[in-house]
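The values are calculated or read from the model by the stated rules, or taken from the named source; none is laboratory data. Values in this document were obtained by computation on a predicted structure and should not be read as measured data. Cβ placement follows ideal geometry from the backbone for every residue including glycine, while neighbour counts extend to all protein chains displayed. Protein only, heavy atoms only, side chains kept; ligands, DNA and RNA dropped before computing areas. Shrake-Rupley method; radii C 1.70, N 1.55, O 1.52, S 1.80 Å.
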Amino acid sequence: QVQVVESGGGLARPGGSLTLSCAASGVVFRFNQMGWYRQTPGKQRELVASISYGGSANYGDFVKGRFTISKDNAENTVNLQMNSLEPEDTAVYYCKADILMSTYWGEGTQVTVSS
């Protein structure tokens, strides 16, 4: 059974940095795409960043060069390096893994940006 587990959330100061990690376990086949989404109360979940197995990355418009997504194909993991954090980045961040014809979500990790 595939499990997607996030780690690395927490509290950061404005202008600070955090790194989120996501690991997909129980995977027999390689992932097609993995990525990070975020959600705040009353809003729809939105794309932060995604990356394909081949390395093609996409970012949400609000990222503006502040975040970098990377992957380790052998370990089915992706990392999200977040720099220049802003209070508006406060949200629950979810990892998503697309494997064959199925989509798997993690339970989310809280990121809070506050002074």
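Return the residues of the range 1-24 that are open to solvent by 50 Å² or more (accessible area, probe 1.4 Å) and either free of Cβ contacts under 8 Å to residues at least 12 places away in the same chain or not basic (Lys, Arg) (or both); say none if nothing qualifies.
Correct list: GLN1, GLN3, VAL5, SER7, LEU11, PRO14, GLY15, SER17, THR19.
Matching residues to (1) farther than 17 Å from GLU6 by Cβ; (2) without any contact (Cβ under 8 Å) to a residue 12 or more places away in the chain; (3) among the hydrophobic types (A, V, I, L, M, F, W, C):
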position	(1), (2), (3)
ASN32	yes, no, no
TYR37	no, no, no
PRO41	yes, yes, no
GLY54	yes, yes, no
ALA57	yes, no, yes
ASP72	no, yes, no
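Would you mind finding the one in GLN44, GLN81 that is under 10 Å from the mean Cα position of the chain (by Cα) and either at pLDDT 95 or above or of a type in the set (Val, Ile, Thr) (or both)?
Numbers: GLN44 fails: under 10 Å from the mean Cα position of the chain (by Cα).
Answer to the selection: GLN81.
Within the range 12-24, which residues are more than 16 Å from the chain's Cα centre (by Cα) and in a strand (DSSP E or B)?
Of the residues in the range 12-24, the ones more than 16 Å from the chain's Cα centre (by Cα) are 12-16.
Scanning the range 12-24 gives a single hit, ALA12.
Can you name the residue in the range 84-115 that is more than 23 Å from LYS43 (Cα to Cα), open to solvent by 70 Å² or more (accessible area, probe 1.4 Å) and in contact (Cβ under 8 Å) with a residue 24 or more places away in the chain and, of all such residues, is nearest to the chain's Cα centre (by Cα)?
Across the range 84-115, the extreme among qualifying residues is LEU100.
Inspect the range 41-53 for any residue being part of a loop (DSSP other than H, G, I, E, B), under 23 Å from PRO14 (Cα atoms), among the basic types (Lys, Arg) and in contact with a Phe, Trp or Tyr (Cβ under 9 Å, 6 or more places away or on another chain) and give the result as yes or no.
The answer is yes; a qualifying residue exists.
Across the range 77-115, what is the number of residues that are within 19 Å of GLN33 (Cβ to Cβ) and part of a strand (DSSP E or B)? Walk me through how you get there before you give the answer.
The initial filter retains those residues of the range 77-115 that are within 19 Å of GLN33 (Cβ to Cβ), namely 77-81, 93-106, 108.
Add one more test, that the residue is part of a strand (DSSP E or B), and what stays is 77-81, 93-99, 102-105.
So the count comes out to 16.
I'm trying to understand the selection: among the residues of the range 57-76, which are outside any strand (DSSP E or B), within 14 Å of PHE31 (Cα to Cα) and either β-branched (Val, Ile, Thr) or open to solvent by 50 Å² or more (accessible area, probe 1.4 Å) (or both)? It would help to see each step written out before you state the result.
At the first step, the residues of the range 57-76 found to be outside any strand (DSSP E or B) are 60-66, 73-76.
Subset that is within 14 Å of PHE31 (Cα to Cα): 73-76.
Residues satisfying the conditions are ALA74, GLU75.
For ILE51, are the conditions met, namely being aliphatic (A, V, I, L, M), surrounded by 13 or more Cβ atoms within 10 Å (Cβ to Cβ) and either closer than 12 Å to VAL111 by Cα or out of contact with any strand residue (DSSP E or B) (no Cβ under 6 Å at 6 or more places or on another chain) (or both)?
Numbers: aliphatic (A, V, I, L, M): yes; surrounded by 13 or more Cβ atoms within 10 Å (Cβ to Cβ): yes; either closer than 12 Å to VAL111 by Cα or out of contact with any strand residue (DSSP E or B) (no Cβ under 6 Å at 6 or more places or on another chain) (or both): no.
No, not satisfied.
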